[in-house]
1. Could you check how many residues of the range 9-49 are in contact (Cβ under 8 Å) with a residue 12 or more places away in the chain, under 12 Å from Ser72 (Cβ atoms) and surrounded by fewer than 11 Cβ atoms within 10 Å (Cβ to Cβ)?
2. Do any helices (runs of 4 or more DSSP H) lying entirely in the range 407-467 carry at least 1 residues that are within 28 Å of the chain's Cα centre (by Cα), polar (S, T, N, Q) and at pLDDT 75 or above, and which ones are they?
3. If we scan the range 286-297, do we find a residue that is farther than 21 Å from Met456 by Cβ, surrounded by fewer than 19 Cβ atoms within 10 Å (Cβ to Cβ) and among the acidic types (Asp, Glu)?
4. Name the single residue, out of those in the range 1-59 being in a helix (DSSP H, G or I) and hydroxyl-bearing (Ser, Thr, Tyr), that is farthest from Phe295 (Cα to Cα).
5. Could you go through the range 368-376 and let me know if any residue there is in the same structural domain as Ser396 (by TED's automatic domain parsing), closer than 23 Å to Leu405 by Cα, out of contact with any strand residue (DSSP E or B) (no Cβ under 7 Å at 6 or more places or on another chain) and surrounded by fewer than 18 Cβ atoms within 10 Å (Cβ to Cβ).
6. Test Asn355 against the stated conditions and say whether it is over 27 Å from the mean Cα position of the chain (by Cα) and in the same structural domain as Lys463 (by TED's automatic domain parsing).
7. Within the range 149-171, can one find any residue that is modelled with pLDDT of 80 or more, in a loop (DSSP other than H, G, I, E, B) and surrounded by fewer than 17 Cβ atoms within 10 Å (Cβ to Cβ)?
8. Go over the candidates Thr241, Thr336 one by one and state the one that is assigned by TED's automatic domain parsing to the domain that holds Ala460, out of contact with any Pro (no Cβ under 6 Å at 6 or more places or on another chain) and among the polar types (S, T, N, Q).
Amino acid sequence: MSALFQLINTFTAEEQHQVIQFLKNKNRRGDTKNIELFKKVCKGETTNLHESLYKKPNRNAYHALNKRLLDSLLDFIASKSFSEESGEEMMTLKLIMAGRILFEQKLIKLGWKTICKAEALAVNYELYTALHEIYDTQLQYVHLIEHINFEDVLVKSSKNLEHLNSAFKLQQAYASLKNQLQNTTPNALNILEETFKRFEIMPNEEFTYKSLFQFMDLLSDTAELESDYYHIAPLMEEAFTFIKQKNTSEKHSYYHLQILYLMASNAFRNKKFKKSIAYLEELNTQLTDKYRNQFYISALVLRSLALNYLGHYNQAILLCENVKDKSPRVQLLLMTLYFHQNRFKDAYTTYKKLNHSDQFYEKQLGLLWVVKKEIIALLLLIELDKLDLVLQKQKSLHKRFFNKLLALGEERAMHFIKLAGMYYDNPQIVTTVSFLEQVEGSFKWVGNDREDLFAMSFYAWLKSKMYKRNLYEVTLELVNQTNYSLLPHLSYPVY
């Protein structure tokens, strides 16, 4: 999908009307086709546009139009963003400019009063960059104000500089860790710890909304790579306590929504499903039309998953089935929910709708998402007894993902694929002592609290075959039991 199409897909219906008006005001000629192109893409028409726009193939003209429209949309976003900038920040900047002009006009007392108004706003809304400009101005003119203590201004400016440095160090840590995690995946938790030590990062009450979001985003990224959400949970909770102490303005709403989603996701991955839904409810109450499209699918997927693991599978399925525009994430989730309820044909039909290449999905959604999709597909083929396709899928999984999963420390996924294949070749083997020993020798389990939820769900399928029990019931038992043991010795029915 081109950058233009991706950008247009982010606009709400109201913003689409605003764009059209913006383009009308900007167009100098009546035959400009930018509005026509924009409307077509809004309607979902994205193929052969060079022909439909010009009534004959004209790729050169189309590409030039595409670029001009993209530039205009970027101009629209910048203009809209500036006009909708939070009132507090805009007022602060206006007061700074007014104060400086007054000082230049030798209206010292009025200038000082104005710059102090700007300071009060900036302090209240944590506008540290604006405060830097304010204190720079105050230091320049403080010698002209008799009743102001120079040392007080100096202390405030130095303290604000510490805030700025702290925020910038976190930005450096954020960039450093993102870069390392992208290029080096083993021992992500160690990399996280080393990065925090290097930049002396720990959350505190002086962190801004943006700083706290970046801190929590780093924790979440690391947890996802390690499939270990247990160790980062206390730090997430600690960071969130500082959020609850802050005033939330329009300026902070985006980061606040992102943080609520991160907390909901972390609670879910730590099997606190009711708590996850509570965070999603809070997110929904604060969600405005401006950000609804951005959070809608992610929040829906998370809510549906939480409902499913709470035992409300019908509600989970209905949520996904009622989504008009089914993204790949929704389709994979629906496929999984059908699978849990032994609706294998429905699940396979849904799988076949995921018709893009794995390279496309990996770029959009990540390697682990693709691996989950393909493992579920393998289990579906086994359940549907499609012999040739099972063998083909096994070979494909090993060829495409073995080295990548090994580099990520995800050897268990490949062990599971092998065991699933062994079951398909000989279903009775799962009731033997040798199979039990092979399973227990292949995997290191870390306990129910720490074990990855999706890893447990995959192995619930294996256990359901061993005990000849309902998959969904076994899944819920594994997820919710206190003392986690995938294959307990004492109750194992070996022959």
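The values are calculated or read from the model by the stated rules, or taken from the named source; none is laboratory data. Note that the coordinates shown come from a computational prediction; the quantities given were computed from them, not determined experimentally. We place every Cβ from the backbone using ideal geometry, glycine too, and count neighbours over all the protein chains shown.
1. The total comes to 0.
2. Helices (runs of 4 or more DSSP H) meeting the threshold: 453-467.
3. Yes; the residues of the range 286-297 include at least one that is farther than 21 Å from Met456 by Cβ, surrounded by fewer than 19 Cβ atoms within 10 Å (Cβ to Cβ) and among the acidic types (Asp, Glu).
4. Among those residues, the one meeting the criterion is Tyr54.
5. Taking every residue of the range 368-376 in turn, at least one turns out to be in the same structural domain as Ser396 (by TED's automatic domain parsing), closer than 23 Å to Leu405 by Cα, out of contact with any strand residue (DSSP E or B) (no Cβ under 7 Å at 6 or more places or on another chain) and surrounded by fewer than 18 Cβ atoms within 10 Å (Cβ to Cβ).
6. No; evaluated as a whole, the condition is false for this residue.
7. yes
8. Being assigned by TED's automatic domain parsing to the domain that holds Ala460, out of contact with any Pro (no Cβ under 6 Å at 6 or more places or on another chain) and among the polar types (S, T, N, Q) holds for just one of Thr241, Thr336, which is Thr336.
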